[in-house]
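Student: Before anything else, here's the structure in question.
Bear in mind these aren't lab numbers, they're just calculated from the coordinates by the rules spelled out. Everything quoted here is computed from the prediction, not taken from an experiment. Don't worry about glycine lacking a Cβ; one is built from the backbone with ideal geometry, like all the others, and counts go over all protein chains shown.
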Amino acid sequence: MKYYPQMAPTTPVTLAQIVKRIEKRSTVSSADVKAVLDALQYEVIDALQNGNSVRLGDLGSFRLSIKANGSDTSAEAKKTGANAIKAVNVQFTKSVAMKEALSPSNVEFALQADISND
């Protein structure tokens, strides 16, 4: 048996908390920050629905991937078309800046209580 480090569960940061944090770092009101983030959510979803990937600078990029049933022939695949798709997922790829910022040498980790998976 081997033991591996793992991330401990934490409380997620909410959109409202992000809005307040951005408001403190800028001259923009919380209402304006919320409006922009709401619009960003809408635009990212719209772009993905239209088959585009979305690159958000030093954050990273989003793209769609699918899981589908296979067909034995190209004719059968053409006939089945979109009906063969079982699931649509969103893939996130970190930017180079995020990869560097989140490398183990740049993130502080602390020992937590043991988590038992028994």
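Student: Here is a list of conditions, (1) hydrophobic (A, V, I, L, M, F, W, C); (2) in a strand (DSSP E or B); (3) out of contact with any Lys or Arg (no Cβ under 9 Å at 6 or more places or on another chain); (4) exposed (fewer than 10 other Cβ atoms within 10 Å of the Cβ), and LEU64 meets all of them except one; can you say which number that is?
Tutor: Of everything listed in (1) hydrophobic (A, V, I, L, M, F, W, C); (2) in a strand (DSSP E or B); (3) out of contact with any Lys or Arg (no Cβ under 9 Å at 6 or more places or on another chain); (4) exposed (fewer than 10 other Cβ atoms within 10 Å of the Cβ), LEU64 misses just condition (4).
Student: Quick one: count up the residues across the stretch 1-58 that are polar (S, T, N, Q), exposed (fewer than 12 other Cβ atoms within 10 Å of the Cβ) and assigned to a loop (DSSP other than H, G, I, E, B).
Tutor: Final tally of qualifying residues: 8.
Student: Please tell me if GLN91 is surrounded by 10 or more Cβ atoms within 10 Å (Cβ to Cβ) and touching a residue at least 60 places away in the same chain (Cβ under 8 Å).
Tutor: No; evaluated as a whole, the condition is false for this residue.
Student: Would you tally the residues in the stretch 54-88 being small (Gly, Ala, Ser) and within 30 Å of LYS99 (Cα to Cα)?
Tutor: Counting residues in the stretch 54-88 that are small (Gly, Ala, Ser) and within 30 Å of LYS99 (Cα to Cα) gives 5.
Student: A further question on this structure: Could you list, in sequence order, all residues of the stretch 52-71 that are out of contact with any strand residue (DSSP E or B) (no Cβ under 6 Å at 6 or more places or on another chain) and either under 13 Å from LEU40 (Cβ atoms) or acidic (Asp, Glu) (or both)?
Tutor: Listed by number, the residues that qualify are LEU56, GLY57, ASP58, LEU59.
Student: Picking from ALA31, ALA35, ALA8, which residue would you name as being in contact (Cβ under 8 Å) with a residue 60 or more places away in the chain and among the aliphatic types (A, V, I, L, M)?
Tutor: Going through ALA31, ALA35, ALA8 in turn, the sole match is ALA8.
Student: Restricting to the stretch 76-95, and then to whatever is among the aliphatic types (A, V, I, L, M) and under 21 Å from the mean Cα position of the chain (by Cα), can you tell me which residue is nearest to ARG63 (Cα to Cα)?
Tutor: Among them, the one singled out is VAL90.
Student: So, VAL33, is that one touching a Ser or Thr at 6+ places or on another chain (Cβ under 9 Å) and of a type in the set (A, V, I, L, M, F, W, C) or not?
Tutor: Yes, satisfied.
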